[in-house]
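These notes concern the structure reproduced below.
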């Protein structure tokens, strides 16, 4: 089980209980979630798509995501980026991430992220909100190895 | 059908290995392994010049190699009980078959296949039980489904799209079985994303 899961806020755990229970057909209650919390929760669901290649704290087929917002593209030490990514001169923020995620190969031909993208603007916005939120999780705190890179 | 009501995994694995050892591959895999001339003739007819197809295949190959290593980690963890262990080894065999086909196809297209990393940074400290290992594997398989789904429309060569869709189906079955083993709804929705 991920560290993020273990350290997620109570509201998020409650909402997930509701979601899982809902799939099982059980009736239960969860604390009401405001819109930003719902955005993060939905963003976490969208993030599952990324987990074929990415993790928050570990470099995998793709680089880790702790510290992504504000990081220069292609700058994780030791990670084998495509030349296109290394040459991109992008710094990841809401705008650049949104543009890239809408169609990675269209916005950055030559990238190794050979994925058709996240076509829905709300999905992208929620995913980015989740990444920002996850950056405050235990996995991404300064004591973790990923946060130090 | 319940996970535990399945035919014995060892028998399933023998059946799989029996079929794959003779390289009785699907029509899709055969198409993938077609001669250079066939693949070459089809390159450039689609949305890219073939270099992008090689990159897509290599990214997929990198993920398959990671999955092989992840299942190896699970198999060696001593956390998996016998029926589940057999299933993990069977699924690892599928990933090896995917990786073999992908690597051979990259070579046929003139590319250099990705190779396994010397070391994978898995969250080993979070794997304390069989359920943890199953959940870890399920997350990787779900991600793989999304990755192949995101790759299918990108190939210039439609045979490669078909092959990726074939692998996607296999990954989706892995994901469903792992969810079932965890006591979760094996197929949680009508669509994958």
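Any read-out appearing in this document is the output of simple, stated calculations on the displayed coordinates, not a laboratory observation. No experiment lies behind these values; they were computed from the predicted model shown. Counting neighbours? That spans all protein chains shown, and the Cβs are built from the backbone with ideal geometry, glycine included.
As a calculated quantity, the FRET efficiency between residue B:158 and residue B:118 at R0 = 35 Å, using C-beta atoms, amounts to about 0.45. Inter-chain neighbour count for B:140-147: the average number of beta-carbon atoms from partner chains within 10 Å of each residue's beta-carbon is 5. Between residue B:182 and residue A:120, how high is the FRET efficiency from 1/(1 + (r/R0)^6) when r is the Cβ-Cβ distance and R₀ = 35 Å? Nearest 0.05. Once rounded, the FRET efficiency stands at 0.80.
Which value, in nm² and rounded to one decimal, describes the direction-averaged projected area of the C-alpha convex hull of segment B:93-168?
Details: hull surface 24.6 nm².
Quarter of the Cα hull surface area: 6.2 nm².
Averaged across the residues of A:52-59, what count of C-beta atoms belonging to other chains lies within 10 Å of each residue's C-beta?
Values: counts 19, 11, 1, 5, 1, 2, 4, 3.
Mean inter-chain Cβ contacts per residue within 10 Å come to 6.
When peptides A:71-82, B:172-183 are sorted by average Cβ neighbour count within 10 Å, with the highest value leading, the order is B:172-183, A:71-82. Shielding of peptide B:185-192 by partners, expressed as the average count of other chain Cβ atoms within 10 Å per residue Cβ, is 1. Computed from the C-beta positions of residue A:36 and residue A:102 and an R0 of 25 Å, the FRET efficiency is 0.70 to the nearest 0.05. Compared with the alpha-carbon gap, the fully stretched path from residue A:94 to residue A:132 is longer by 12.7 nm at 0.36 nm per residue. For segment A:34-148, just say rounded, prolate or oblate: build the C-alpha gyration tensor, square-root its eigenvalues into a ≥ b ≥ c, call rounded for a/c under 1.5, and beyond that prolate if a/b exceeds b/c, oblate if not. Cα axes put segment A:34-148 in the oblate bin.
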